[in-house]
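Chemist: I am attaching a structure below and will ask some questions about it afterwards.
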Amino acid sequence: MTDNPDPPIVIDPHTPVRSCVIWLHGLGADGHDFEPIVAQLRLPEALGVRFVFPHAPVRAVTINGGYRMRAWYDIGSPDLEVDPDFDGISDSGAYLEELIEQQREQGIPLERLVVGGFSQGGVVALQTALQMDAKPAGVLALSTYLAEPSGDGAGLQVFQAHGNRDTVVSIAAAQRARAVLEALGADVSWREYPMAHAVHPQEVSDISRWLRERLA
């Protein structure tokens, strides 16, 4: 897989660790991007949720003139669903599976582990979960799309959220992803917000509620 020398940011609860959320950032950001959301989610301490925020490797991104930045995979066109970088997505998916296995080795079962991500990170989270034989507790798919309409969604719980003003990842692409996920057998909880390519305050509340249900 692509070399990733930077260890993820890990935020442990004050109580014993009982569950985990592995959260992948979007293009050009890093693991610090979603750190503030831990406090904003206001999850009950009894859930014992550990948050893991990985850093994508630094690579050349074609759509940005080859400029090197943190990216889970390359993007070659504004039409994100055309000729996706399957090799890059696969490499990042392998890294995500390594992180999942590390948490399992530390005693967190899959049924208490959620994977997710924003934009690019959501693509990797969805594709990885669809390829896993045993499914995690759920997937947070935020302002994202589906690069490859294949895999097994049976038993997979997905929280999918998107802005109806998003000009980076169109809501049409998100709706196509939803249709494919449901056709593959996933249970999709769809949320739409009046926002661009961002995170809405109501979305944070809805994520919190969904995580409480999935990790209870």
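Chemist: Multiply the residue separation of Ser77 and Ala60 by 0.36 nm, subtract the distance between their alpha-carbon atoms, and state the gained length in nm to one decimal.
Modeler: 4.7 nm
Chemist: Could you check which residue among His14, His32, His55 shows the biggest mean-square fluctuation in a GNM of the chain with a 10 Å Cα cutoff?
Modeler: Its mean-square fluctuation being the largest, the pick is His14.
Chemist: Output needed: percent of Cα pairs per 10 Å distance bin for the stretch 9-215, bins running from 0 to the one holding the longest distance.
Modeler: Result, from short to long distances: 9, 38, 39, 13, 1 percent.
Chemist: While we're here: Give me Phe53, Phe118 sorted ascending by neighbouring Cβ count inside 10 Å, so fewest comes first.
Modeler: Phe53, Phe118
Chemist: I've got another one for you. For Met195, enumerate residues with amide H under 5 Å from its amide H, sequence gap 5+ or separate chain, H modeled in the peptide plane.
Modeler: Asn164, Arg165
Chemist: Based only on the alpha carbon positions, what is the Kirkwood hydrodynamic radius of the stretch 167-216, in angstrom?
Modeler: Evaluated on the stretch 167-216, it is 12.4 Å.
Chemist: Counting only complete DSSP H runs, which helices of the chain cover 27 Å or more along their long axis at the Cα atoms and score a mean Kyte-Doolittle of -1.0 or above?
Modeler: 86-105
Chemist: Along the Cα-to-Cβ line of Tyr67, 7 Å from the Cα, sits a label point; which residues in the stretch 25-55 have backbone N less than 16 Å from it?
Modeler: Flagged as within label range: 26-30.
Chemist: Using the count of nearby Cβ atoms within 10 Å as a rough guide to exposure, how do Leu130, Leu142, Leu24 rank from fewest to most?
Modeler: Leu130, Leu142, Leu24
Chemist: Using alpha carbons only, how many angstrom separate the centre of the stretch 136-205 from the centre of the stretch 1-75?
Modeler: So the separation of the two Cα centres works out to 18 Å.
Chemist: Considering Cα pairs under 8 angstrom that are at least six residues apart, work out the relative contact order of the stretch 57-216 and quote it in whole percent.
Modeler: 16
Chemist: Treating only the Cβ of Lys, Arg, Asp and Glu as charged (+1, +1, -1, -1), what charge dipole size does the chain show about its Cα centre? Round to the nearest 20 debye.
Modeler: 700
Every read-out reported here was derived from the displayed coordinates using simple, explicitly stated rules and does not represent laboratory data. Predicted, not measured: the structure shown is a model, and the values here were computed from it. Cβ atoms come from the backbone with ideal geometry, glycine included; neighbour counts cover every protein chain shown.
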